[in-house]
Amino acid sequence: MRSRVYLLSPLPPCDEHQLFLRAQALSGFTLGELARRIQWTIPANLKKKKGWVGMLLEFYLGAKAGSKPEQDFADIGIELKTIPVSAQGVPLETTFVCIAPLTGNSGVIWDSCHVRNKLSRVLWVPVEGERHIPLADRRIGAPLLWSPNAEETKRLRHDWEELMDLIVLGKVESITARHGEVLQLRPKAANRYALTEAIGEKGQPIMTLPRGFYLKKAFTRELLARYFLL
DNA sequence: GGCTGATCATAA
DNA sequence: TTATGATCAGCC
């Protein structure tokens with residue numbers, strides 16, 4: 001008889017080191033191996049299970065499941081990000097950071113914003129993401145604990161302030177993903193009908209697609225490369 | 001082929 | 001509806 005113990009997620013890690021050790025212990029395993037061990041069904045692809053890899057890693061690392069706007073490991077101040085990479089370790093997708101607040105932004109500053117909070121400390125877990133590799137065969141890579149350095153912080157802050165200014169000024173619908181050097185604003189919605197309130201060009205309330213902040217690939221590529229070349 | 005804009009599943 | 005987890009896929 002199988003013990004149900006193996007189906008339980010571990011307790012949240014006590015500290016950063018313990019979390020990192022857990023992540024290191026997963027590196028080299030395939031998603032199939034990890035999924036089978038906890039009796040998770042492996043989808044044929046991610047088309048209808050886009051968050052599946054992230055959820056699997058959350059389970060193994062003891063992240064609290066939940067949809068609160070805070071870090072995955074709030075107690076120890078760390079955000080978990082799985083990132084799909086090529087065989088060369090190059091990111092294949094942008095990285096979602098958080099929902100962008102489109103109203104009630106008077107007085108919001110960088111020092112207390114969600115973007116800064118989420119990115120203050122990130123555990124990056126690279127996972128093979130090329131679509132020609134069956135999901136079950138994709139391997140977990142070596143994890144990386146990262147905090148933005150002075151240069152990265154400066155760039156993030158600059159983009160954030162520019163984007164937030166446009167949002168406050170009622171220009172959210174004129175923002176494209178081309179704005180921002182390292183941080184971009186793009187739709188983050190269930191579908192085209194899921195609208196949220198924002199500020200229009202004349203300061204009036206409008207309904208528009210929810211937006212999210214994303215890290216551009218060049219930014220994550222550089223931070224991963226910087227680490228793995230050290 | 002890469003990127004931007006669109007979309008999928010699920011919980012509360 | 002808003003938040004979490006993100007990747008899809010058509011257009012340039």
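Just from its helices, what would the mean residue ellipticity at 222 nm be for chain A, if runs of 4 or more DSSP H residues each count -39500 (n - 2.57) and the sum is divided by every residue, rounded to the nearest 500 deg cm²/dmol?
Numbers: 6 runs with 65 residues, N = 230.
Roughly -8500 deg cm²/dmol at 222 nm, from the helical runs in chain A.
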Next item on the list: Would you mind checking A:K49/A:K118; A:K118/A:K188; A:K50/A:K217; A:K188/A:K216; A:K50/A:K188; A:K48/A:K118 for any pair whose Cα atoms are more than 21 angstrom apart?
Entry: A:K49/A:K118; A:K48/A:K118
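What do you get for trypsin sites (Lys or Arg not before Pro) in segment A:95-179 restricted to DSSP loop and a cutoff of at most 12 other Cβ within 10 Å of the site's Cβ?
Numbers: sites: A:R116, A:K118, A:R121, A:R131, A:R138, A:R139, A:K154, A:R155, A:R157, A:K171, A:R178; in loops: A:R121, A:R131, A:R138, A:K171, A:R178.
Here the sparse-neighbourhood loop sites are A:R131, A:R178.
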Note to self: Give me the net charge for the shell around A:S86: Cβ to Cβ below 9 angstrom, other residues only, Lys and Arg +1, Asp and Glu -1.
What the structure shows: -2
Next item on the list: Would you please state which residues of segment A:171-190 a label at A:V108 would reach in this model, taking the label point 7 Å out along Cα→Cβ and a backbone N cut-off of under 17 Å?
Entry: A:171-176, A:180, A:183-189
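With charges only on Cβ, +1 for K and R and -1 for D and E, what is the dipole size of chain A about its Cα centre, in debye, rounded to 20? Can you show the working numbers first?
Working: 32 positive and 24 negative charges, 181 e Å.
Computed charge dipole of chain A: roughly 880 debye.
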Checklist line | Relative contact order (%) - segment A:16-228, alpha-carbon pairs under 8 angstrom, separation at least six | finding: 23 percent
Check: Fully extended, how many nm does the chain gain between A:R226 and A:L166 (0.36 nm per residue separation, minus their Cα-Cα distance)?
Finding: 18.4 nm
Checklist line | Debye log10 I(q)/I(0) at q = 0.18, 0.24 Å⁻¹ for segment A:58-122, Cα point scatterers | finding: -0.81, -1.13
Note to self: Can you return the aspartates and glutamates within cross-link range of A:K68? Criterion is Cα-Cα under 17 Å, with same-chain partners fewer than 8 residues away left out.
What the structure shows: A:E58, A:E79
Notebook entry, point to check: Using Cα atoms only, what is the angle between the long axis of helix A:52-61 and the major principal axis of chain A, expressed in degrees (0 to 90) to the nearest 10?
Noted result: 60 degrees
Check: Name the residues of segment A:212-230 whose amide N is less than 15 Å from a point 7 angstrom out from the Cα of A:N149 along the C-beta direction?
Finding: A:219-230
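For A:L224, what is the net charge nearby, where nearby means another residue's Cβ is under 15 Å from its Cβ and Lys, Arg count +1, Asp, Glu -1?
Details: positive: A:K81, A:K216, A:K217, A:R221, A:R226; negative: A:E93, A:E128, A:E152, A:E222.
For residues surrounding A:L224, the net value is +1.
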Next item on the list: May I ask for the angle, rounded to the nearest 10°, between helix A:217-228 and the longest principal axis of chain A, with both axes built from Cα atoms and the value confined to 0 to 90°?
Entry: 40 degrees
Notebook entry, point to check: Using Cα atoms only, what is the angle between the long axis of helix A:16-26 and the major principal axis of chain A, expressed in degrees (0 to 90) to the nearest 10?
Noted result: 60 degrees
Checklist line | A:F29-A:S9 FRET efficiency (beta carbon distance; Förster radius 25 Å; 0.05 resolution) | finding: 0.95
Next item on the list: Could you point to the residue in A:G107, A:P126, A:I78 farthest towards the positive end of chain A's charge dipole, with +1 and -1 charges on the Cβ of Lys/Arg and Asp/Glu respectively?
Entry: A:P126
Next item on the list: Could you tell me, in Å, what Rg and Dmax come out for the Cα atoms of segment A:24-180?
Entry: 17.4, 51
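How much net charge surrounds A:W160 when only the other residues with a Cβ under 14 Å from the Cβ of A:W160 are counted, with Lys and Arg +1 and Asp and Glu -1?
Values: positive: A:R116, A:K118, A:K154, A:R155, A:R157, A:R211, A:K216; negative: A:D111, A:E152, A:D159, A:E161, A:E162, A:D165, A:E181.
After counting each charged neighbour, the total is 0.
Quick note: the coordinates plus some simple rules give every number you see, no bench work behind them. Keep in mind that this is a model prediction, so the values were computed, not measured. As a convention, Cβ positions derive from the backbone with ideal geometry for all residues, glycine included, and neighbour counts pool all protein chains shown.
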